[in-house]
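Worksheet: the structure to be examined is printed underneath.
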Amino acid sequence: PHCAWTEEELERLQVAIGRARFRQEMQTAFHGELAYCLTTLDQSPGILFRGENKLKAIELLEEFTDGLGTSWLDATTRHLRIDAELKTMSANMISRMKYMSMMLMLPALQQAVNAGMRAEARQNCAIVTIAACRYRLQHGTLPKSLTDLKDLIPGNPLEQSSRLIDPFDGQSLRFKSDSGHLLIYSICENKADDGGEITTENPLEGDLGYSVADDVE
């Protein structure tokens, strides 16, 4: 806020921030996790039911990566199904012994999803907050709603709309304006609107976002 950014520079900054594709990149990473899991199962001696473990690893990780191909919320929903299946398998002595190798090597799916959603939420909030700064340069005042900002987000209409979404619940990013102060934020991991209480100490508490003041000294 203390730099004399031009609108052209702000737009270039939006484009640079938007280049990361966290969900698609995580999907690629989990394809790699599957390959690593299968290779380890092949190369580790003494594994019982090797073929069954490999097939189950393929089944579970493919379901998860298919979810990542759709949305963060779909990936979360599929993880809950996978988690329920793993708990059922663990509760049964025969299944637990049969698939123990696969279960020990399965990555921490939900932790990865939460990290990806945090990254995309921060990315979206930053891009939309910069749009608010561009709006202020054009109109001399802060915007009144997210609707005012859509055309100031780089990309086609679908990309513009997607930047206004909070990945944690699929709803619009929260927009709070009062007394010459604007706050754009995500509800973050606790999935509760804490009124724009931004905290950096614990990602499980509070909201995530950025603020803009009406006047910058």
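The values are calculated or read from the model by the stated rules, or taken from the named source; none is laboratory data. As the structure is a computational prediction, the values presented were derived from the model and not from experiment. Note that we place each Cβ from the backbone using ideal geometry, even for glycine, and neighbour counts take in every protein chain shown. Ligands, DNA and RNA are stripped out before the accessible areas are found, and what is left, the full protein with its side chains, is counted by its heavy atoms. Shrake-Rupley method; radii C 1.70, N 1.55, O 1.52, S 1.80 Å.
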The answer for segment 111-185, accessible area per residue at 1.4 Å probe in Å², is 44
Cut-off 12 Å between beta-carbons: net charge of the residues surrounding residue 148, Lys and Arg +1, Asp and Glu -1: +3
Along segment 153-170, Karplus-curve 3J(HN,Hα) (6.51, -1.76, 1.60; θ = phi - 60°) to the nearest Hz, with x for Gly and Pro, reads 9, x, x, 7, x, 5, 5, 4, 5, 5, 6, 8, 9, 8, x, 6, 9, x
Cross-link candidates for residue 191: which lysines have Cα within less than 27 Å, leaving aside residues fewer than 8 places away along the same chain? 87, 144, 150, 176
Using 0.36 nm per residue of separation minus the Cα-Cα distance, give me the extension gain between residue 171 and residue 110 in nm, one decimal. 20.0 nm
The alpha-carbon center of segment 131-202 and that of segment 80-98 are separated, in whole Å, by 41
Hey, what did segment 40-182 get for relative contact order, percent, Cα under 8 Å, at least 6 apart? 20
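Normalised by the empirical 2.2 N^0.38 Å for globular proteins, what value does the Cα Rg of the chain take? Let's see the in-between values first.
Numbers: Rg = 21.6 Å, N = 217, 2.2 N^0.38 = 17.0 Å.
Normalised Cα radius of gyration, the chain: 1.27.
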If you fit an axis through the alpha-carbon atoms of helix 7-17 and take the longest principal axis of the Cα set of the chain, what angle between them do you get, 0 to 90°, nearest 10? 10
Would you pull out the residues with amide H under 5 Å of residue 209's amide H, same chain only if 5 or more places away, H placed 1.01 Å from N? 186
In degrees from 0 to 90, rounded to the nearest 10, what is the angle of the helix 109-139 Cα long axis to the longest principal axis of the chain? 10
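Given an 8 Å cut-off on Cα distances and at least 6 residues of separation, report the relative contact order of segment 1-98 as a percent. Walk me through the numbers before you get to the answer.
On the way: 45 pairs, mean separation 24.4, N = 98.
Contact order relative to length: 25 percent.
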Length added when fully stretched, residue 191-residue 7, from 0.36 nm per residue minus Cα-Cα: 62.9 nm
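How large, in percent, is the carbon and sulfur part of the accessible surface of segment 51-105 at a probe radius of 1.4 Å?
Values: 1730 of 2950 Å².
C and S fraction of accessible area: 59 percent.
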